[in-house]
1. Would you work out if the stretch 55-208 is rounded, prolate or oblate? Take a ≥ b ≥ c from the square roots of the eigenvalues of the alpha-carbon gyration tensor; rounded if a/c is under 1.5, else prolate when a/b is larger than b/c, oblate otherwise.
2. Once the Cβ-Cβ distance between S183 and V150 is put in as r, and R0 is 45 Å, what FRET efficiency do you end up with, to the nearest 0.05?
3. Return a whole-number percent for the relative contact order of the stretch 148-205, with Cα pairs under 8 Å and 6 or more residues apart as the contact set.
4. Could you list S179, S190 so that the one with the fewest beta carbons within 10 Å of its beta carbon is first and the one with the most is last?
5. Could you work out the pair-distance distribution P(r) of the stretch 122-241 from its alpha-carbon pairs, with 5 angstrom bin width and percents rounded to whole numbers?
6. Taking 7 Å along the Cα-to-C-beta vector as the label spot, tell me the I191-T114 distance in nanometres, rounded to one decimal.
7. Among F176, F91, what is the fewest-to-most ranking by other Cβ atoms within 10 Å?
8. Among the listed pairs K72/K111; K72/K198; K40/K147; K40/K72, which are separated by more than 32 Å between their Cα atoms?
Amino acid sequence: MFAAAILVAAAIHADDSVEPERVLMTEHALSTEEAQTVQKAWADHIGVEAVVENSIGMQLSVIPPGTFPMGKEDHKGEDGPQEVTHTQPYFIGRYEVTQGEWERVMGPLRKQPTAGAGDRFPVYGINYPEAAEFCRKLTGLDREAGKLPVGYQYRLPTSAEREYACRAGTLTATYFGDSLSSSQANFDGSIPLNGAEKGPNLGRTAEVGSYPGNAWGLHDTYGNLYEWCLDWFTRERRAALIRCISCPDQNAAGRNESAMADVTAMRAVTAGRRIASLNPRRCAVPKSGSVLFLQNCILMGSIN
């Protein structure tokens, strides 16, 4: 279903120290140690731990602001990577939203899970309106619990927010490098990415956190399931990026009719896997298609 929630840090939590350096992936990639150092620096600056917990027990990681090249070089019809800047730190869920978390917010699942069932398995079979409603209800629960500053709300992440968090400072095809095996993510191990060693194929979802995470503490950013994003995906990559940056509101995204003239638009789905065809996904490869789960929910506010 979906895995992430973003919270842009409020000024009331920030200390009076000089603002930490921002991530500049356009200049060079970060090592794991460098990525974790800048994450901690921004967490300290806004007065929180690098990982926080909300009212239903969902863990969120601090994502430091920065600039990165979004997209990849070898997609036909694309202009290549586009420079995207996130101006504020935000929080994003460490794991895919689980069936247990979904039921705590939305009540019993409407369909019995058939590809992995249990509180720690990701929720799937979720459509976009349901994903948005989960975010709305979670916002209400956190407000009632006193967990949200005024003006903050949960929402789905944009493609750019998700890819940046997924990369965690890296510039390779995946966080683990240019290859990927099914020992690192849940997909059909008979078709590993870029010559990696062949491995198993579970043929079902895996419990969240079963595979290694990245430097910013995010797990299952490859494989397992598809993930909803807030923005629209179009065949015009540049147009999609412009919408991602300029239309963060879920009702406004992708509604510029003149820009949409000869473009087929659809909600963005980050590349993951279908149950029947478990393929790895790169950070930079958005695809369209049937969504099996909603992975990402963002808690958004602003720094004044």
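Values in this text are rule-based calculations from the coordinates and carry no lab data. All of these numbers come straight from a predicted model, not from anything done at the bench. Note: ideal-geometry Cβ built from the backbone for every residue, glycine included; neighbour counts use all protein chains shown.
1. oblate
2. 0.50
3. Reported as a whole number, the value is 21 percent.
4. Ascending Cβ contact count within 10 Å gives the list S190, S179.
5. 2, 10, 14, 17, 20, 18, 11, 5, 3, 1, 0
6. 2.2
7. Least crowded to most crowded, the residues run F176, F91.
8. Cα-Cα > 32 Å for K72/K111; rest within.
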